[in-house]
Each structure stands twice: as structure tokens, then as C-alpha cells.
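The structure under discussion appears below in the form of C-alpha cells.
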Amino acid sequence: MNFRQILTAPNQLTLLRLIFLPFIVINLVKHDFKWALALFVLAGMSDGLDGLLARTLHQQTVLGQYLDPIADKLLMSTMFLVLSIEHMIPWKYTVVVFSRDVSILLISGVLFMIAGMRDFRPSIFGKANTFAQVAAVFFVLLLPVKAIFLVQSAAKLFLRATFVFTIVSALHYAFLVQHRLHGPALKS
């Protein structure tokens with residue numbers, strides 16, 4: 001890996017997102033939800049901005065292709081875990097999110113090692129799942145700050161959407177992997 005890849009603006013933003021994570025957790029545990037929410041929003045903005053900068057500045061790197069999804073998964077998994085520990089998200093959502101992410105991580109690793117598969121771009125269901133997760137965490141964090149019916153309803157809606165899209169995207173991922181493994185490129 002070239003050290004200059006770390007110095008690109010998109011990769012620096014991704015690393016900044018990772019730096020935000022412990023401060024979000026600290027504020028959550030302290031029940032300082034305004035700061036936790038503000039930092040979560042900044043982390044989300046850095047996620048959108050790093051992709052835009054990578055394309056605009058032509059600074060797409062191999063490091064960024066791996067680092068960005070790792071930062072996203074780490075942020076969302078940590079948020080679900082801490083919010084469940086704090087009794088703000090029921091455990092069933094966290095278990096489903098973790099189960100899918102760990103399964104995909106393990107399967108991707110195995111497929112890379114045994115079949116050399118590297119193309120694990122998210123499907124439309126994976127993108128919908130990510131959106132539902134981000135929205136769910138946002139509204140769960142907003143609820144103690146602005147405890148109104150609309151925010152509570154949105155949190156419930158996006159948690160349910162997360163549950164559904166997590167399962168659908170996992171099944172779709174399994175279908176795609178099975179299809180790629182039995183596709184013409186891998187047959188002898």
C-alpha cells in the first residue's frame with residue numbers, strides 16, 4: 001500500500017469518522033444526547049463527503065475501498081450496540097444487524113481467500129438497509145432531545161425498516177454469492 005493513499009482528502013475524512021466514534025459513545029453513555037446526535041450527524045456528513053470528494057478529485061484508492069465500508073460498519077454496529085446497552089433500541093434489532101454484518105464479513109473473507117472474489121458492492125437492498133439504519137439511529141438519538149410523537153413514530157418506523165431490510169439484504173447477498181460462485185467465470 002502506498003502511504004500517499006492515507007493522505008488523500010477522502011481517506012482523511014474516513015479516518016475522521018473513526019475518530020468521532022469514541023466521542024459519540026462517551027456522550028451517549030453520559031446521556032448528553034445533543035452532543036452525541038451532533039457528532040453522529042457530522043460523522044454521517046463526512047461519509048457522504050468522502051465519497052463525493054473521491055469521485056470529484058479522482059482520489060479513489062484501494063485503501064478507501066476497504067476503509068470506508070469498515071468505518072461505516074464500525075460506526076453503525078457500535079451505535080446499535082451502545083443504544084441497546086442504554087435501553088434505547090431493543091436488542092432484537094442489534095442482534096439482526098450484527099448477525100448480518102458478521103456473516104457478510106466472514107463470507108466475504110472466505111470467498112476472497114478461496115475464490116479470489118473481490119466485488120462486494122452493496123445492492124439496492126443493502127443501500128436501503130444502510131439508509132434505514134442511519135435514519136433509525138438518528139431518530140433514536142433525537143428522541144431524548146425532542147420527545148414528540150413524530151420523532152418517536154419515525155424511530156419505530158426506521159427500526160422496523162432496518163429489521164426488514166437487514167433480512168432482505170442478507171438473503172439477496174446470499175443469492176448473489178451463490179449466483180457468482182456458480183457463474184461461468186468460476187466454472188472449470
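How do Met76, Met45 rank when sorted from fewest to most other Cβ atoms within 10 Å of their own Cβ?
Lowest count first: Met45, Met76.
Of the residues Ile114, Ile124, Ile85, which exhibits the maximal mean-square fluctuation in a Gaussian network model of the chain defined by a 10 Å Cα contact cut-off?
Looking only at Ile114, Ile124, Ile85, the biggest GNM fluctuation is shown by Ile114.
Starting from the Cα-Cα distance between Met45 and Lys146, subtract it from 0.36 nm times their residue separation and give me the gain in nm to one decimal. It would help to have the intermediate numbers written out before the result.
Details: separation 101, 0.36 × 101 = 36.36 nm, distance 2.11 nm.
The Met45-Lys146 span can extend by a further 34.2 nm.
Restricting to lysine pairs 8 or more places apart or on different chains, what number in the chain have Cα atoms under 20 Å apart? Could the numbers behind the result be given before it?
On the way: Lys30/Lys146; Lys34/Lys146; Lys34/Lys156; Lys73/Lys92; Lys73/Lys127; Lys92/Lys156; Lys127/Lys156; Lys146/Lys156.
The result is 8.
Once you put a point 7 Å from the Cα of Val95 and another 7 Å from the Cα of Thr78, both along the Cβ direction, what distance in nm separates them?
Using points 7 Å along Cα→Cβ, the separation is 2.5 nm.
Name the residue, out of Ala170, Ala155, Ala147, whose mean-square fluctuation peaks in a Gaussian network model built on the chain with Cα pairs under 10 Å.
Of Ala170, Ala155, Ala147, the most mobile in the Gaussian network model is Ala147.
State, as an integer percentage, the relative contact order of the chain based on alpha-carbon contacts under 8 Å between residues 6 or more apart.
Values: 166 pairs, mean separation 39.5, N = 188.
About 21 percent, as a whole number.
What are the principal axis extents of the Cα atoms in the stretch 1-160, in Å, biggest first?
Here the Cα extents, ordered largest to smallest, are 47, 32, 25 Å.
Rank these for me by crowding, Tyr93, Tyr66, going from fewest to most other beta carbons within 10 Å.
Values: Tyr93 20, Tyr66 11.
By the 10 Å Cβ count, ascending: Tyr66, Tyr93.
Can you give the helix-only mean residue ellipticity at 222 nm for the chain, where every DSSP H stretch with n ≥ 4 adds -39500 (n - 2.57) and the sum goes over all residues, rounded to the nearest 500 deg cm²/dmol?
Estimated from H runs of four or more residues: -27500 deg cm²/dmol.
Below 8 Å between Cα atoms, with a sequence gap of 6+, how large is the relative contact order for the stretch 9-65 in percent?
Worked out over the stretch 9-65, it gives 52 percent.
Coordinate-derived values only; no laboratory data. The model shown is predicted, which means the values in this text are computed figures rather than measured ones. Cβ atoms come from the backbone with ideal geometry, glycine included; neighbour counts cover every protein chain shown.
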